[in-house]
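Scroll down for the structure; my scribbles are underneath it.
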Amino acid sequence: MNKLLIFLCTAALLHAAEMAIELKDDGADYGCGAKTMMFYYPTGIPGGVGCFVGHANPLTRNDRVLMRFDIGGCYLQEHLPAIRAAWLEFSVCSLTYADGQELIVEHLDYERDTIKPEDLASDEATKVAQVPMEIKRFRMDVTAMVRRDLAERSLHAVFRFSSTCGNAGNTTAKPIGCSIRVPCEKAGDNPVLILEY
């Protein structure tokens with residue numbers, strides 16, 4: 001019985017695979033902007049604050065970040081992979097007066113040829129997680145969302161980052177929120193979508 005169990009476990013491991021899809025350094029695949037004014041910046045907000053979530057200056061802005069991962073490689077395989085798990089990994093690289101604030105990650109429930117300003121505000125989204133803002137590498141389970149994208153034959157999985165401070169008015173008279181690491185910064189530690197199948 002033990003030999004059979006070992007054989008089955010070994011067979012399962014031999015058939016398991018992983019695909020890591022790193023966020024492309026392309027304005028069509030990520031950017032940020034203020035929901036209140038619908039401005040969209042493909043490589044971050046001017047002034048060097050990068051892809052910011054919250055309020056990038058003393059005004060009420062509700063800055064949000066959008067990321068689009070290319071899952072088209074799944075369709076190039078002999079059979080469409082049965083996704084066992086999918087993980088979104090990204091890093092928060094700086095905080096600005098963000099004590100007690102939370103980061104909100106959502107999956108956009110529709111396909112896009114390219115990210116558009118209206119994606120900053122769309123209600124067609126499913127919440128992935130809401131977590132305390134902190135400088136660290138996050139890993140979030142997005143299995144259900146990626147399975148749905150593949151079932152609908154979408155070529156991309158799109159995620160939006162917002163915040164509790166952004167969703168409230170800015171009464172601090174200063175910037176408040178966090179920056180998400182993106183490829184234009186050339187610092188590594190880029191966002192990645194990991195598929196296990």
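The values are calculated or read from the model by the stated rules, or taken from the named source; none is laboratory data. Since the model is a prediction, treat every value here as computed from it, not as a measurement. Ideal geometry is used to build each Cβ from the backbone, glycine not excepted, and the neighbour counts take in all protein chains shown. Side chains included, ligands, DNA and RNA excluded: accessible areas come from the protein's heavy atoms. Shrake-Rupley method; radii C 1.70, N 1.55, O 1.52, S 1.80 Å.
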Q. Taking Lys116 as the anchor, which lysines have their alpha carbon closer than 22 Å to its alpha carbon, excluding any fewer than eight residues away along the same chain?
A. Lys24, Lys35, Lys127
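Under the Kirkwood approximation applied to all pairs of distinct alpha-carbon atoms, what is the hydrodynamic radius of segment 54-134 in Å?
Working: mean 1/r = 0.0644 Å⁻¹.
Result for segment 54-134, one decimal place: 15.5 Å.
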Q. Per residue of the chain, what 222 nm ellipticity follows from adding -39500 (n - 2.57) for every DSSP H run with n ≥ 4, rounded to the nearest 500?
A. -4000 deg cm²/dmol
**Q.** Local net charge near Tyr110, Cβ-Cβ under 13 Å (Lys/Arg +1, Asp/Glu -1)
**A.** -4
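Using the C-alpha atoms of the chain, what convex hull volume per residue, in cubic angstrom, is computed? Please list the in-between numbers first.
Details: hull volume 25.9 nm³, N = 197.
Dividing the Cα hull volume of the chain by its residue count gives 132 Å³.
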Q: Taking only protein heavy atoms into account and a 1.4 Å probe, give the accessible area per residue of segment 96-150 in Å².
A: 52
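Classify segment 155-197: rounded, prolate or oblate, from the alpha-carbon gyration tensor (a ≥ b ≥ c, eigenvalue square roots; a/c under 1.5 rounded; otherwise prolate if a/b is larger than b/c)? Could you put the intermediate results ahead of the total?
Values: a/c = 3.63, a/b = 1.82, b/c = 1.99.
Oblate shape, in that a/c is at least 1.5 and b/c is the bigger or equal ratio.
Sequence gap at least 6, Cα distance under 8 Å: using those rules, report the relative contact order of segment 62-195 to the nearest whole percent. Walk me through the numbers on the way to the answer.
On the way: 243 pairs, mean separation 59.5, N = 134.
With pairs under 8 Å counted, the relative contact order is 44 percent.
Can you send over the carbon and sulfur percentage of the accessible area for segment 36-154, probe radius 1.4 Å, protein chains only?
Carbon with sulfur: 51 percent of the solvent-accessible area.
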Q. Which residues' amide hydrogens lie under 5 Å from the amide hydrogen of Ile71, considering only partners 5 or more residues apart or on another chain, with H built in the peptide plane?
A. His156, Ala157
Q: Per residue of segment 84-101, in order, report the coupling 6.51 cos²θ - 1.76 cosθ + 1.60 (Karplus, θ = phi - 60°) as ³J(HN,Hα) in whole Hz, putting x for Gly and Pro.
A: 7, 7, 9, 10, 9, 10, 7, 10, 8, 10, 7, 10, 10, 6, 10, 4, x, 8
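Can you tell me what percent of all Cα-Cα pairs in segment 106-191 are more than 23 Å apart? All intermediate terms of the calculation are to be shown ahead of the outcome.
Numbers: 1238 of 3655 pairs.
Result for the distance tail: 34 percent.
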